[in-house]
1. With a cut-off of 8 Å between alpha carbons and a minimum separation of six or more residues, what is the relative contact order of region 81-264 in percent?
2. Subtracting the Cα-Cα distance from 0.36 nm times the residue separation, let me have the gained length for residue 61 to residue 188 in nm, one decimal.
3. Calculate the spin-label point distance for residue 74 paired with residue 256, positioning each point 7 Å from the Cα along the beta-carbon direction, and give it in nanometres.
4. Among rounded, prolate and oblate, which fits region 81-264 when a ≥ b ≥ c are the square roots of the eigenvalues of its C-alpha gyration tensor, a/c under 1.5 means rounded, and a/b larger than b/c means prolate?
5. Using a 10 Å cut-off on Cβ atoms, rank the peptides 75-84, 145-154 from the highest mean neighbour count down.
6. Given axes a ≥ b ≥ c from the Cα gyration tensor, I'd like to know whether region 98-205 is rounded (a/c under 1.5), prolate (a/b larger than b/c) or oblate.
7. Under the classification rounded if a/c is under 1.5, otherwise prolate if a/b is larger than b/c and oblate if not, where does region 112-161 fall, given a ≥ b ≥ c as square roots of the Cα gyration tensor eigenvalues?
8. Once R0 is set to 30 Å, what does the formula 1/(1 + (r/R0)^6) return for the Cβ-Cβ distance between residue 243 and residue 117, expressed as a FRET efficiency to the nearest 0.05?
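Nothing in this text is a laboratory measurement; each read-out follows from the coordinates by a stated rule. Fair warning: this is a prediction, and the values are worked out from it, not measured in the lab. Ideal geometry is used to build each Cβ from the backbone, glycine not excepted, and the neighbour counts take in all protein chains shown.
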């Protein structure tokens with residue numbers, strides 16, 4: 001028998017493929033989830049699986065919070081929307097707060113072959129503002145965060161003030177607390193970022209607002225979708241914008257590497273990295 005076709009070899013191939021895609025932390029998390037049902041059936045081991053989960057969550061939080069420790073801001077930790085004060089009536093079609101990976105964001109922006117100072121950057125569902133802070137490193141003409149949770153908006157405003165004070169340069173960041181569907185789309189070239197902030201009719205309306213603005217005023221627009229719920233980008237799939245998926249390296253401080261898609265208006269020529 002060919003040793004390369006043994007069951008053990010197949011398992012190891014899957015293990016290393018998952019390790020390359022999601023990193024050691026995500027791989028350990030996947031193994032513990034796979035073993036949880038078995039552990040829970042063994043007397044005295046149910047609490048062990050929960051302890052492992054808590055340990056992994058604490059490790060992920062500590063690693064991700066290195067950004068906050070480095071810059072003296074507060075952007076880490078996941079927060080459920082039910083614990084927040086919401087501007088608008090669309091909370092049922094929105095997701096929890098989860099900070100963006102610095103490593104992954106910089107990979108995404110690296111693929112933007114544009115004159116940054118000619119574009120405004122918008123982050124829908126900007127949360128505590130980490131993406132806004134990161135975007136300020138690239139020289140965008142203006143950066144706008146749109147967030148409907150008042151508590152997250154206030155935290156983001158404090159983070160922006162700290163960031164600007166440390167940067168010692170004029171700020172280009174505007175932080176707005178409002179429902180995303182009510183946000184007026186600027187009539188300028190745009191890079192619009194979605195970290196899977198909402199779904200359903202909210203996503204549909206926001207995308208329609210962008211597409212209507214583009215139809216009335218054709219210009220260069222890039223929409224970036226990153227996140228766990230690919231179905232939330234369905235309205236973008238129906239647009240006439242060019243679309244491709246980016247291949248990204250995993251951030252080993254995170255459990256999961258999500259998928260990322262570019263949607264680009266026909267006025268802008270970006271090179272598809274797969275071509």
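1. Working: 321 pairs, mean separation 40.0, N = 184.
The value is 22 percent.
2. Values: separation 127, 0.36 × 127 = 45.72 nm, distance 3.73 nm.
Full extension from residue 61 to residue 188 adds 42.0 nm.
3. It is 2.7 nm.
4. Working: a/c = 1.17, a/b = 1.08, b/c = 1.09.
The shape class here is rounded.
5. Values: 75-84: 14.7, 145-154: 22.9.
So the order, starting with the most tightly packed, is 145-154, 75-84.
6. Details: a/c = 1.44, a/b = 1.14, b/c = 1.26.
Verdict is rounded for region 98-205.
7. Values: a/c = 2.94, a/b = 2.13, b/c = 1.38.
Prolate shape, in that a/c is at least 1.5 and a/b is the bigger ratio.
8. In this case the efficiency is close to 0.70.
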